[in-house]
Amino acid sequence: MAASSYQQSSITVQLEGGKTFICKDVLPQPGGVILDLGCGTGELSAFLAELVEPHGYVIAVDPDTNRLNLAKETHRHVKNLFFVEGNSNEFQGMGSKKYDLIFSNFVFHWIPDKDKAFRNMFDSLKAGGKIAIHYIDALLPFITTSFEVLNPETAEKFNKMFCFDTRDNIDCMCRAAGFDVVSSYYAYDKTVVYPSVENLLQWLVGTSHGVFDLQLVTQERIQQLFEKFGNPPFDFTADSRVSRLLAVKPKSQAQ
Ligand SMILES: C[S@@+](CC[C@H](N)C(=O)[O-])C[C@H]1O[C@@H](n2cnc3c(N)ncnc32)[C@H](O)[C@@H]1O
């Protein structure tokens, strides 16, 4: 249930933002070998696979078995895409120096040991290979408010699930692992609009791995939400700050 909610509702935030990042900054080359770290239900993995075909391929890993199963089922027709269980500490091809690109969309804020994740990625890239990390460094205000109003009972549990760090610290960790940072910036170019309360609720269920509890959402709480946000459609575009990091493994240091 949470996996399919994620698949349907991630289109608004994760998918659109990820595609913009890929087409604007990441620019994967045909023939490339890509790791999609934390692929979720695999929509962006399939998008990447299309960009590197016919000779390139994508290995997409995620620790959430339900999301991975749904990804395998949904994208089974994509011949150059392989879904494998894994995470930032253990993934297919770790240490292999075979990847041209490691892409990770809306995952880094879930990773507790980011130093280790950077080292693992560094060891897995070819010389000259790059990482493209798209993440948030704090909960977006509309999410915090939605939880406070609709699900105050689960808000603390949800907040504790994340491992936020500042963009400066993340850039430092990236450099410490040996990468040259090509660009690191905040982007505000994502449209985040929920046409109805139902759309917003579905997104909250999906993105919280099921922590957001629909049973706790009363009419009274929905009314309070309208008082905060106005009537739907809810347009949170102005709230939608994300961080984008692009870094390269230098050719000279690579063994
Ligand atoms: C917000 S989803 C993003 C999924 C996908 N990248 C997308 O853009 O739709 C975050 C994903 O990161 C995965 N994840 C959490 N911790 C992880 C870790 N340590 N390493 C790799 N993936 C992780 C979760 O299971 C989840 O599917």
Check whether at least one residue in the range 176-199 is within 21 Å of Ile131 (Cα to Cα), at pLDDT 95 or above, in contact with a helix residue (DSSP H, G or I) (Cβ under 9 Å, 6 or more places away or on another chain) and in a helix (DSSP H, G or I), and report yes or no.
yes
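For Ile143, state whether it is among the β-branched types (Val, Ile, Thr), closer than 19 Å to Gly17 by Cα and not in a helix (DSSP H, G or I).
When the stated conditions are applied, Ile143 does not pass them.
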What is the one condition in (1) at pLDDT 95 or above; (2) within 15 Å of the ligand (Cβ to nearest atom); (3) within 30 Å of Leu200 (Cβ to Cβ) that Leu150 does not satisfy?
(2)
Which residues, counting only those in the range 39-73, are near the ligand (Cβ under 8 Å from one of its atoms), in a strand (DSSP E or B) and either touching an Asp or Glu at 6+ places or on another chain (Cβ under 6 Å) or among the polar types (S, T, N, Q) (or both)?
none
Which of the residues that make up the range 74-92 are away from the ligand (no atom under 14 Å from the Cβ) and within 14 Å of Asp36 (Cα to Cα)?
Asn80, Phe82
Residue check, Pro112 against (1) near the ligand (Cβ under 8 Å from one of its atoms); (2) closer than 22 Å to Glu16 by Cα; (3) surrounded by fewer than 16 Cβ atoms within 10 Å (Cβ to Cβ), all met but one. Which one?
(2)
Would you say Lys130 is more than 16 Å from the ligand (Cβ to nearest atom), crowded, with 19+ Cβ neighbours inside 10 Å and at pLDDT 95 or above?
yes
Restricting the search to the range 205-221, which residues are surrounded by 15 or more Cβ atoms within 10 Å (Cβ to Cβ) and β-branched (Val, Ile, Thr)?
Val205, Thr207, Val211, Val217
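The values are calculated or read from the model by the stated rules, or taken from the named source; none is laboratory data. Everything numeric in this text was worked out from a predicted model, so none of it was measured. Every residue, glycine as well, gets a Cβ built from its backbone with ideal geometry; the counts of neighbours run over all protein chains shown.
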